[in-house]
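Beneath this line is the structure, given in structure tokens, with notes to follow.
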Amino acid sequence: MSAKKIELIGLPGSGKTFIVENFLEKEGFLVLKKPYGFNTKSGVFGFFYGFIKAPYFSFILLLFLIFRKNIGSVNMKYFHIAQQRFLGLKKNNNKINKTILIDEGLLHAIYSMMFGTKKSKVSGFFLNHLVKIASKTICIYIFINTDKNTCIEHFKERDTASRFNFRSNDELIKDFEKDNSYNEIITALNNKTKDKLVIVKNTTEAIDYIDSEY
């Protein structure tokens, strides 16, 4: 029997990692944190490796980014990470009778790639297509709809593994407050795979849902 995959999505600081940590020792669950398809520091080689291993996905992802407004070098860095996540989820398609909880999977990598950019008339089309591709290997997406002020408070408890941490400056916080990238992703999910989207208000609701359904 193939594993059921649940991808947790939500803003940085929304509680995704807190949720999966509640299931680390629970029988019947396997936690995947930041699934990688190849080395994160593989640079230009990794960029082309991603195109070789997943040409169609990488091409659509690149077109999506090109048609965003205000893209920069940081966005290209996360393009590379989104390729990794896609290949990592394919590689980790474990044929085991367990529920796989994914923390910071493909859609969150796409969010990180989008952050600080703005949509164009064309980019929405490619985002819908990316979501459709991504959802083929996912059973359910759980969106933790934590408000931004709470997320910002949680930044103070985060280490430097994320750019959203206790060292986040005022400029980054302002960018976070006005950024609408996750709203675009949720809209795309509603457009293409609404039956796979579950929205919860907080971490407690998410944990209760997973416990009751899986």
Which ³J(HN,Hα) values in Hz, rounded to whole numbers, follow from the phi angles of the stretch 109-120 under the Karplus curve 6.51 cos²θ - 1.76 cosθ + 1.60, where θ = phi - 60° and Gly and Pro get x?
5, 5, 4, 4, 5, 6, 3, x, 9, 10, 6, 10
In whole angstrom, the spacing between the Cα centers of the stretch 110-140 and the stretch 9-37 equals 21 Å
How much length would be gained if the chain were fully extended between residue 119 and residue 76, taking 0.36 nm per residue of separation minus their Cα-Cα distance, in nm to one decimal?
13.9 nm
Could I have the simple spin-label model distance between residue 69 and residue 174, label points 7 Å from Cα toward Cβ, reported in nm to one decimal?
1.9 nm
What's the ranking of 64-75, 137-148 by average number of surrounding C-beta atoms within 10 Å, highest first?
137-148, 64-75
Tell me, what is the percent relative contact order of the chain, built from C-alpha pairs under 8 Å that lie six or more residues apart?
33 percent
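About its Cα centre, what dipole magnitude does the stretch 61-197 give when the only charges are +1 on Lys and Arg Cβ and -1 on Asp and Glu Cβ, stated in debye to the nearest 20?
Dipole magnitude for the stretch 61-197 comes out near 700 debye.
All of the numbers you see were taken from the coordinates with simple rules; none came from a lab. All figures in this text were calculated on a predicted structure; none of them were measured in a lab. Every residue, glycine among them, receives a Cβ derived from its backbone with ideal geometry; neighbour counts consider all protein chains shown.
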